[in-house]
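Here is the structure we will look at, set down as C-alpha cells.
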Amino acid sequence: MLVMVKLEISENEGNQRLDKFLRKYLGNAPLSFIYKAIRKDVKVNGKRKTREYMLEAGDEVSLYLTDQDLEKFRKVREHRKVKRTFGIAYEDENILAAVKPKNLLTHGDRNERRNHLTNQVIDYLIEKGDYVPRLEKTFVPAPVNRLDRNTTGLVLFAKNYPALQAFTKMIRERGCIRKYYLTIVSGEMKEPLALEDRMEKDEARDLVRVTDRADGKLMKTFAEPVAAAGGFTLCRIEIETGRTHQIRVQLANAGFPIIGDGKYGSPRVNRDMKNRYRLTTQLLHAYQLQFENCPAPFAYLNGKTVTAELPKGFREIRQPFAGGIGSMMSSRNRLLSTWIMKCPLYFSAISRMLRTPKPWFSLSALVVCGRPSTICGTAWMKFSSWISTNCCSCATDRLITRCSLSKCRASSMALSSRLPKRE
C-alpha cells in the first residue's frame, strides 16, 4: 500500500542536499532507490526538486512509498545505555570537549558497536536533555576529530547540525582549531622538528608507513622539546593534518619513537617501560585545543583554550628511568627549580614563546609537571627576575596571569612590580 510521509525540516536537518538527507533518513536503501525516489516519489514544498537541492529549515519533504519499502529502508537507531568513563573539559550549547580515557574507541567498529566514546556522549546528552532522539529525523551528535583507542585526551563533539558542519569544516581547512599533544619519546630531541611526509596504510595490519609515492596522503607534524634527560624527551606536538597514527609514525620515522608504542616504538624501550611502569600502550595525550578565526556564529570561541589534565597513567611515571626522565615527572619542586636555574634549553624555549605573538611553546608546559606555585621560592624569584629583564611587558603579563593562582600570588606581585608602567 502506498503511503505519504511528511517531514518538516528542522535546524538540525537544514543546509544539506536533498539526497544526503534521504540517505540518512532511509539509511538502508541503496543509492539507486534514493535517486529514483527523488525523480518520481519525493516533493519539497509540493514541488519536485533535483537531488542537489539544498534543504532549509521549515521546508516540508513529502515521500510517497509503500509500507514495505518504508519498513525495509527506514533506519531505526537502537541506542543502548553504556557506562560513562569520559570527562568534560568544556561544554556550551554547540560543542562538548570530551576527555577520552585510554582503551576506548572514538567510534564503534565491527568488534565494538556499543561501548565507545560517541555512544557515551550521546547517553550523556540524552540524560541532560540536550539531545532528544524521537524529535530528530536524521541528526545524531558526533565527533569532529578522533583519537586512536589508546591515545587519551580531547575529542570535540558537535551538539547540533550547524555546529557539526562548521567545526568539521574548521578541522578540515585548518587555521581555526589548533591541536596540541604531549608525549615522551625515546631519544634526546635538541631542536624543534617540522615533519612533512606522505603515508600509505596497510589496512590488513592496521599499520601506516612513510612513503615517497606522490599519491600518498600528506602528514604535517611539529614537535617541540620541553625537556630532555637521560635519553628521553618530553615533547609538545602540534598537528596540521590528522592522519591515522600520524604523530606515532612520523616521530618514529624521525628517530624519536613514543615510549610504550607497540606498533612503531622500540621493543627494548617498551619492555623496560612495561617492567618499570606497567606501560603497555603509547604515552600520547591530546591535551589542548586553541580556537582562533572561528566564523560566526561561533566567533565567541576565538581566543579560547581548552585543556585536558594529564591522565593518571601519565602522572604516575615518577621514578627515575634511563637516567632521569622519571625524576622529571616525579620530583616536581626539585625538577622545576633545576630546569629554571640550570637548563638553557628550557630558558630558550620559554624566551621564544614569550617573544612571539602566537606562541609555539606555552607556559602551560610548566603545569605539565606542576604549577608554578610548587617551585621553591629562590628559584621562582630568579626566574621572575629573568623574565622581567628579558621579555616585554605584555609577555610578562601572560606569566602573571598564569601565576596568580594559589600560593603563587606573592611571586606574581613581585614580578608585577618590575614591569614598566603602561601608557
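The values are calculated or read from the model by the stated rules, or taken from the named source; none is laboratory data. Note that this is a predicted model, so its numbers are computed, not measured. Every residue, glycine among them, receives a Cβ derived from its backbone with ideal geometry; neighbour counts consider all protein chains shown. Note: areas computed on protein heavy atoms with side chains; ligands, DNA, RNA excluded. Shrake-Rupley method; radii C 1.70, N 1.55, O 1.52, S 1.80 Å.
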Within the range 185-211, list the residues whose amide N lies under 16 Å from a label point set 7 Å along Cα→Cβ of R174.
193-199
Quick one: accessible area per residue over the range 20-117, 1.4 Å probe, rounded to a whole number of Å²?
62
Sites L2 and M54, calculated FRET efficiency, Cβ-Cβ separation with R0 22 Å, nearest 0.05:
0.20
At a Förster distance of 60 Å, what's the computed FRET efficiency of K190 paired with K36, Cβ-Cβ distance as r, to 0.05?
0.40
Leaving out ligands, DNA and RNA but keeping every protein chain, what accessible area does R114 have, in Å² rounded to the nearest 10, with a 1.4 Å probe?
110
Heavy-atom accessible area per residue of the range 134-233, all protein chains kept, 1.4 Å probe, expressed in Å², is 44
For the range 219-327, which whole percent of the accessible surface, found with a 1.4 angstrom probe, sits on carbon and sulfur atoms?
47
Quick one: Cα centre-to-centre distance for the range 137-188 and the range 195-210, in angstrom?
20
Sequence of K6, K137, K100 from largest to smallest accessible area, 1.4 Å probe
K6, K137, K100
Could you tell me what percent of the accessible area of the range 48-144 is made up of carbon and sulfur, with a 1.4 Å probe and every protein chain present?
46
Arrange the residues H285, H107 by how much accessible surface each exposes, largest first, with a 1.4 angstrom probe.
H107, H285
